[in-house]
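Here is the structure we will look at, set down as structure tokens.
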Amino acid sequence: MRRIDVGDIAPEFELRGTGNRDYRLEQCRGHWVVLAFYPGDFTPVCTRQFCSYRDAADRLDELDATVWGISPQSLDSHERFRTKYELTVPLLADPEREVIRAYGVLALVAGSAGRSS
């Protein structure tokens, strides 16, 4: 599995995400992007993580940073998660784990197979 290092060109991808839209990394070239890979919607740690992004939205805006969450859960699960916690970060579905593998973070999400709370 390939690992992405600082200074590497990030692998291009396109994933379907919340808001019923497609997200392409190419849209963000030349800007700061945080790809927050996570194992599961509604898990305690991930919920705190994404609520912290929501609560720090003004600070992220000041940095002109785009934040996208990526996990293998379904869009339906992502939409429920986003709605329940009023999340502001788009959540992208990677059910085949193609992007997760391309970025070398499969071990992070390996335990979430089939979870879609």
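Taking amide H positions as placed 1.01 Å from N in the peptide plane, with prolines and chain starts having none, which residues 5 or more places from residue 36, or on another chain, fall under 5 Å of its amide H?
Amide H to amide H, under 5 Å and 5 or more residues apart or across chains, residue 36 pairs with 68, 69, 70.
Given +1 on the Cβ of Lys and Arg, -1 on the Cβ of Asp and Glu, and no further charges, what dipole in debye does the chain carry about its Cα centre, rounded to the nearest 20?
The calculation lands at about 380 debye.
Quick one: compute a quarter of the convex hull surface over the Cα atoms of the chain and quote it in nm².
7.0 nm²
Whole-Hz Karplus ³J(HN,Hα) for region 52-68, in order, using 6.51 cos²θ - 1.76 cosθ + 1.60 and θ = phi - 60°, x for Gly and Pro?
Each residue of region 52-68 in turn: 5, 5, 4, 5, 9, 4, 4, 5, 5, 4, 4, 7, 6, 9, 8, 10, 10 Hz.
Using the Karplus curve 6.51 cos²θ - 1.76 cosθ + 1.60 with θ = phi - 60°, what ³J(HN,Hα) values do you get for each residue of region 6-20, in whole Hz, with x for Gly and Pro?
So the Karplus estimates, Gly and Pro as x, are 4, x, 5, 6, 5, x, 5, 7, 9, 9, 7, x, 4, x, 6 Hz.
Give me a comma-separated list of calculated 3J(HN,Hα) values for region 72-77, in order, Karplus coefficients 6.51, -1.76, 1.60 applied at θ = phi - 60°, integers in Hz, x for any Gly or Pro.
x, 5, 6, 4, 4, 4
Every number here is computed from the coordinates shown, using simple stated rules; none is lab data. All of these numbers come straight from a predicted model, not from anything done at the bench. Because the Cβ atoms are built from the backbone with ideal geometry, glycine has one as well, and the counts that use them run over all protein chains shown.
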